[in-house]
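See below for the structure under consideration.
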Amino acid sequence: MGSAGSTDSGDASEVERGERVGSIGRFVEWVKVDGDRLLLTLGISVAVLAFLLVLHAFDVIAFRNQNSITRMASGMIAGSFSLVTLVVSVNQLILSQEFSPAGKHRNQYAGVMEFRRDIEERSGVSTAPIEPARIVAVIADAIIRRANELADVIEGHPDEEFERRVVEYTEQLEGDTEWIDEQLDRSSVETFDALSVAVEYDDGWQISAARSLRNDAPELTDETAAAFEELIDTLRLFSTMQEHFKTVYLQRELTRFSQLTIYCGVPAILAAALIALLYGDVGGAAINVQILPYVTAFLTTVVFVPLALLASYILRTATVTRRTATTGPMLLEKPTKERPGDVRESGTER
């Protein structure tokens with residue numbers, strides 16, 4: 001009885017630890033990618049204000065030394081000006097990519113329209129949707145359909161082991177792709193809603209696995225070879241869509257970040273200047289010394305808002321860019337799964 005109770009307690013502890021790790025992971029993912037950037041900025045700012053007030057409550061910091069406070073205010077004014085200037089420069093760089101002569105614009109437009117025609121051809125829809133989430137869903141449905149077609153044509157293949165591996169791959173591909181449909185709100189028109197789901201899909205691994213099976217096949221009929229090619233081309237279309245959405249998203253996100261930084265930068269500079277003015281009077285502080293620490297802490301937090309905005313936006317754009325940094329199948333991280341047909345080194349465990 002005692003042993004069983006101990007085992008049950010251990011299992012419960014493992015479950016509790018797993019849930020805790022899962023909760024932490026979801027929170028980290030929310031901070032890095034999924035969370036609203038303005039809400040995250042507000043959270044960081046509130047944390048800065050609370051941190052300053054707690055340090056003041058425990059007499060770790062004080063707001064009495066006039067020279068120290070004015071020097072700090074001068075530094076914050078200079079830093080705020082530098083940050084705003086940097087953001088304006090980034091915005092100009094983004095805008096420079098938007099200006100294009102007629103020829104370049106026509107080439108870009110032709111490329112987008114060709115991409116939409118490919119979606120219509122691969123998915124069988126009459127007109128490709130314009131909502132990002134629906135585009136992802138349409139291509140995902142096309143991948144599932146091509147996987148089912150491959151599983152159907154491979155049935156009865158002379159090599160039973162090869163048939164088993166292909167069926168196993170198509171079942172895994174179908175399961176991974178159906179996850180996309182479960183996560184999407186097809187009514188959404190936000191590019192990031194579609195991109196956040198698309199970047200989680202390991203299209204590079206799927207393409208590599210399909211090519212490995214096709215190239216290592218003992219023999220292929222014309223129908224089977226065509227089914228492999230259709231599936232690989234549809235997966236490549238998903239990769240093209242992912243890159244297109246990433247480009248559009250980053251342009252819009254960085255432009256929005258530039259706007260918000262200008263909106264917050266002016267109040268931040270004024271707040272830093274106000275701190276200097278509060279302590280700049282010859283007779284001492286210009287307001288009641290009892291409320292002076294709280295006013296100074298609040299104004300300091302206002303100065304930190306553009307930096308919090310920078311951290312929240314750059315964290316997400318950098319995370320998205322890092323997760324989609326490669327073009328085509330390429331493994332940059334520690335492998336998490338093997339492709340069908342991978343050759344294992346001798347002595348390597350499955």
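The values are calculated or read from the model by the stated rules, or taken from the named source; none is laboratory data. Predicted model only: the values in this text are computed from it and were never measured. Cβ: placed from backbone, ideal geometry, glycine included. Neighbour counts: every protein chain shown. Surface accessibility is based on the protein's heavy atoms, side chains included, excluding ligands, DNA and RNA. Shrake-Rupley method; radii C 1.70, N 1.55, O 1.52, S 1.80 Å.
Odds and ends about this structure:
- Ordered from highest to lowest accessible area with the whole protein assembly present and a 1.4 Å probe, S196, S312 read as S196, S312.
- Take 160-173, 115-128, 232-245 and order them by the average number of nearby Cβ atoms within 10 Å per residue, most first; the result is 232-245, 160-173, 115-128.
- Estimated from the Cβ-Cβ distance and a Förster radius of 35 angstrom, the FRET efficiency linking D202 and A226 is about 0.90.
- Integer Hz, Karplus 6.51/-1.76/1.60 couplings in order for the range 202-215, x for Gly and Pro: 8, 5, x, 5, 5, 5, 4, 5, 5, 5, 5, 5, 5, 6
- Summing Lys and Arg as +1 and Asp and Glu as -1 over all other residues whose Cβ lies under 12 Å from the Cβ of A151 gives a net charge of -3.
- The value obtained for the range 206-327, namely the Cα convex hull volume divided by the number of residues, is 108 Å³ per residue.
- Once both labels are positioned 7 Å from their Cα atoms along Cα-to-Cβ, the gap between D36 and I61 label points is 2.8 nm.
- Working note: Karplus 6.51/-1.76/1.60 with θ = phi - 60° gives the range 226-239 the couplings 5, 5, 4, 5, 4, 5, 5, 5, 5, 5, 5, 4, 4, 4 Hz, where Gly and Pro are set to x.
- Per residue, in Å², the accessible surface of the range 31-140 once ligands and nucleic acids are set aside, probe 1.4 Å: 62
- Space enclosed by the convex hull of the alpha-carbon atoms of the range 33-119, per residue, Å³: 124
- Fraction of alpha-carbon pairs over 13 Å apart in the range 51-97 - percent: 69
- Average accessible area per residue (Å²) across the range 197-253 - probe 1.4 Å, nucleic acids and ligands excluded: 41
- The range 63-186 - Kirkwood radius from inverse mean 1/r over Cα pairs (Å): 20.1
- Panel note: the C-alpha atoms of the range 127-233, placed on their principal axes, show extents of 47, 26, 18 Å (largest first).
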